[in-house]
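Asks: Below is one structure. I have some questions about it.
The values are calculated or read from the model by the stated rules, or taken from the named source; none is laboratory data. Bear in mind that the values here come from a model prediction, so they are computed numbers and not experimental data. Cβ placement follows ideal geometry from the backbone for every residue including glycine, while neighbour counts extend to all protein chains displayed. Accessible surface areas use protein heavy atoms only, side chains included; no ligands, DNA or RNA. Shrake-Rupley method; radii C 1.70, N 1.55, O 1.52, S 1.80 Å.
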Amino acid sequence: MQSDRVNAATLRCCTSVRTRKDPHVVADPVRSAAALLTDARDVTLLAHVQPDADSLGSALALGIALRRRGAVVRVSFATPDSVPETLRPLDVLGLVVPPSEVPARPELLVACDAAEPSRLGSLRHLLDAAGTTVMIDHHRSNPGFGDVRVLDPHAEATVVLAHRVLRAMSVPLDPDVARCLYAGLVTDTRGFRTAGADAHRMAAELIEAGVDPEGLIRPIMDTHPFDWLAALGSVLARSVLEPAEAGGLGLVHTRVEARDVARFRTEEVDRIVDVIRTTAEAEVAVALKQVGDRRWSVSLRSKGAVDVAAAAGLVGGGGHSAAAGATLDGTADEVLDALRAALAPATAARAG
Ligand code: AMP
Ligand code: MN
Ligand code: MN
């Protein structure tokens, strides 16, 4: 299978080898991860910075299942200081702890949905400090890290891989675990638009396990404070269409300034790109979110003809070919210039 091919090439197993300089390649990373987690008595699971439902949902699904099997479990992420409001209901056992409560040398560390070590922010050093590390991720741009690498770019979401690991552990799905998995699945596939048949089968299994899709997803994807409507209006009114950019396929961009980033939740701010990417005349959509005086968190989206992960990679970010991100320093105009330049070769490469 494709996933085995990808994983066999990049996977290192830690069950028999303690030194990362002398890795073993194993054929079945899902089974290796499952074996490690089954035996583990103390597990630390990490989501990426600014955790989304896929990252936190994967960590919490595994965490809840492991806790109910009797392991000591904690889930953490570097920033922000608290769980995004809409994801709090997923943490039914109160497993999330601040970085200060993560052991300096975790026995078993599991990184969920982090495209590269830097996506763990200030917690990335734990990859070296931990006894054993498992990486579970689905980003094509992932360079491979950790002792056991459950890395499958064909998976629609990291929760798909977490589900495979849970199945390999023969863990029955309870409603709490199923909700965490479903939240990641529906958000990373933009409401199943990019979900294949297996992901739909997984969704059916999760609903049978007790998920109420509308009740779970409406607060996460479809609920905003009334004040956001006016702010959204002004952000959209600032949108600019540049038909000649992205190799002539068209670029649309807008920016959310610091005061709006501070005023609203990430649940609002991160959805801007989903609105502007509906522009018919633009292949690529870019949303600039001001996160410092001269610092911008950038979301890039394409409709399929441009590899925005490649463009993001040129400016220090990464992601998927249709959805990527990066953080850049400079004025908004300087950041846009850098992105226009990065999108030109990404477009040419795709066309060629
Ligand atoms: P976002 O626009 O923040 O929703 O991110 C879109 C995709 O790009 C997600 O899959 C992220 O995991 C990925 N991504 C965002 N920022 C970065 C970054 N700095 N480095 C690598 N991947 C990123
Ligand atoms: Mn993510
Ligand atoms: Mn993901």
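Asks: D274 passes all but one of (1) open to solvent by 50 Å² or more (accessible area, probe 1.4 Å); (2) closer than 20 Å to E242 by Cβ; (3) of a type in the set (D, E, K, R); (4) within 16 Å of ligand 2 (Cβ to nearest atom); which number fails?
Replies: Every condition holds for D274 apart from (1).
Asks: Looking only at the stretch 74-97, count how many residues are assigned to a strand (DSSP E or B) and either within 14 Å of ligand 2 (Cβ to nearest atom) or open to solvent by 20 Å² or more (accessible area, probe 1.4 Å) (or both).
Replies: Matching residues across the stretch 74-97 total 2.
Asks: Next question, about the same structure. Restrict the check to the stretch 263-271 and report whether at least one residue is of a type outside the set (A, V, I, L, M, F, W, C) and farther than 23 Å from I220 by Cα.
Replies: no
Asks: Here is a further query. Would you check if A27 is modelled with pLDDT under 95 and either of a type outside the set (A, V, I, L, M, F, W, C) or farther than 20 Å from A130 by Cβ (or both)?
Replies: Spelling it out, A27 is indeed modelled with pLDDT under 95 and either of a type outside the set (A, V, I, L, M, F, W, C) or farther than 20 Å from A130 by Cβ (or both).
Asks: Return a yes/no flag: does the stretch 223-230 have any residue that is more than 29 Å from I272 (Cβ to Cβ) and surrounded by fewer than 22 Cβ atoms within 10 Å (Cβ to Cβ).
Replies: No, there is no match, as no residue in the stretch 223-230 is more than 29 Å from I272 (Cβ to Cβ) and surrounded by fewer than 22 Cβ atoms within 10 Å (Cβ to Cβ).
Asks: Take the stretch 327-352 and flag every residue that is at pLDDT below 95, under 24 Å from the mean Cα position of the chain (by Cα) and open to solvent by 60 Å² or more (accessible area, probe 1.4 Å).
Replies: Listed by number, the list holds a single entry, R350.
Asks: What residue, among those in the stretch 53-73 that are open to solvent by less than 10 Å² (accessible area, probe 1.4 Å) and not small (G, A, S), is farthest from ligand 2 (Cβ to nearest atom)?
Replies: Looking at the filtered set, the residue picked out is L66.
Asks: Ok, one more. Quickly run through the stretch 241-256 and pick out the residues that are open to solvent by less than 60 Å² (accessible area, probe 1.4 Å) and out of contact with any helix residue (DSSP H, G or I) (no Cβ under 6 Å at 6 or more places or on another chain).
Replies: The answer is E242, G248, G250, L251, H253.
Asks: Mind counting the residues in the stretch 114-145 that are open to solvent by less than 30 Å² (accessible area, probe 1.4 Å) and either under 17 Å from the mean Cα position of the chain (by Cα) or over 14 Å from H48 (Cβ atoms) (or both)?
Replies: Selection size over the stretch 114-145: 19.
Asks: Find the helices (runs of 4 or more DSSP H) located wholly in the stretch 200-280 whose residues include 2 or more that are free of Cβ contacts under 8 Å to residues at least 24 places away in the same chain, and list them.
Replies: Hits in the stretch 200-280: 213-221, 227-237, 258-263.
Asks: Sort out which residues of the stretch 160-190 are under 13 Å from D54 (Cα atoms) and either modelled with pLDDT under 95 or touching a Cys at 6+ places or on another chain (Cβ under 6 Å) (or both), and write them in order of number.
Replies: Within the stretch 160-190, R190 is the sole residue that qualifies.
Asks: Assuming A111 fulfils every condition listed in (1) away from ligand 1 (no atom under 16 Å from the Cβ); (2) open to solvent by less than 30 Å² (accessible area, probe 1.4 Å) apart from one, which condition is it?
Replies: Of (1) away from ligand 1 (no atom under 16 Å from the Cβ); (2) open to solvent by less than 30 Å² (accessible area, probe 1.4 Å), only one is false for A111: (1).
Asks: Take L151 and tell me if it is closer than 23 Å to A311 by Cα, buried (at least 24 other Cβ atoms within 10 Å of the Cβ) and either within 15 Å of ligand 2 (Cβ to nearest atom) or in the same structural domain as D54 (by TED's automatic domain parsing) (or both).
Replies: Here the answer is yes, as L151 does meet what is asked.
Asks: Which count do you get for residues in the stretch 61-90 that are of a type in the set (S, T, N, Q) and under 20 Å from P103 (Cβ atoms)?
Replies: So the count comes out to 2.
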